[in-house]
Every structure is written in structure tokens, then in C-alpha cells.
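I have placed the structure first, in the form of C-alpha cells, so that the comments after it can refer back to it.
Rule-based calculations on the coordinates, nothing more; no lab input. All figures in this text were calculated on a predicted structure; none of them were measured in a lab. Ideal geometry is used to build each Cβ from the backbone, glycine not excepted, and the neighbour counts take in all protein chains shown.
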Amino acid sequence: METTTTSTSSSVRTWCILAHATALVGFLVPVAGHIVGPLIVWLAKRQDSPEIDAHGKESMNFQISMLIWNAIAAILIIVLIGIPILILLHILNIIFVIVASIQASEGKLYRYPLAIRLIS
């Protein structure tokens, strides 16, 4: 779990937090909900600050990765190991998003474990 310190204004920091925290909408809107919130924040605000851009990319990479891991776990339901993996992935998603949001509130960039760096 690598963190990078950045100095940010209050407004930029708020958008950085939202880039991570909006992923929790996915628990209300299944499947794409985890991606839509961070995507909206990232696309709308990435030009305003390099910090927002970095947080948005990190959040998007993690949520896309989680979608991939969940799809693999869904396939593994056929052999019964997919159910505990899906449960674990959902718990980790909540924990990592909360940790990333807290780190963003402190002006740090949180590098999600399990994230595939698709967007650079």
C-alpha cells in the first residue's frame, strides 16, 4: 500500500475524496454503479487539477479491476468457490474505497491493491 503526499486546496481535496467515495454508489446500483460515480467525477474535473486526475485514474483502475475480478468469481460459482470470492471482493471493495477516501482527505494518493493499471 503505497501512498504519495500531495498538497491540495480544500476544493481539490474534496473532489479527490469524491473520486473514490462515489464508487460506493455501486452498492445501490449494481454492476456499473461502482464505475459511474468515479467516472463522472474524473471526466468532469480531471482538467482542473493533476491531483484530481491522479485520484480519478486510480479509482477507475481499481473499479474496472474489481469488475473483472467479480466476473471471474461469477464464472467460478460453477465450481462453488466463486461465492466466497464474491463476498470477499465486495468486502475488500468497501474497505479499500474507505481507506482511499481517508487518504485523499489527508492529501495522499492511495494505490489500491489488486488494481490493474489500465488507465495511465
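A few notes on this one:
- Residue exposure sequence - V97, V12, V29 - by fewest surrounding Cβ within 10 Å: V29, V12, V97
- Annotation: the residues F27, F62, F96, sorted from fewest to most other C-beta atoms within 10 Å of their own C-beta, follow the order F27, F96, F62.
- Anisotropy class assigned to the stretch 29-80 is prolate, per the alpha carbon gyration tensor with a/c at or over the 1.5 cut-off and a/b larger than b/c.
- Remark: spin-label model distance L67-V36 equals 1.2 nm, labels positioned 7 Å along the Cα→Cβ axis.
- Relative contact order of the chain, defined on C-alpha pairs under 8 angstrom at six or more residues apart (%): 37
- Taking amide H atoms as placed 1.01 Å from N in the peptide plane, the amide H of R111 lies under 5 Å from those of E2, each 5 or more residues away in sequence or on another chain.
- Under the membrane-span-like helix rule (DSSP H runs whose alpha carbons stretch at least 30 Å along the helix axis, mean Kyte-Doolittle hydropathy 1.6 or higher), the chain yields 82-105.
- Using only side-chain charges placed at the Cβ, +1 for Lys and Arg and -1 for Asp and Glu, the dipole size of the stretch 25-120 relative to its Cα centre rounds to 120 debye.
- Peptides ranked, highest mean first, by Cβ atoms within 10 Å: ranges 111-119, 14-22, 65-73: 14-22, 65-73, 111-119
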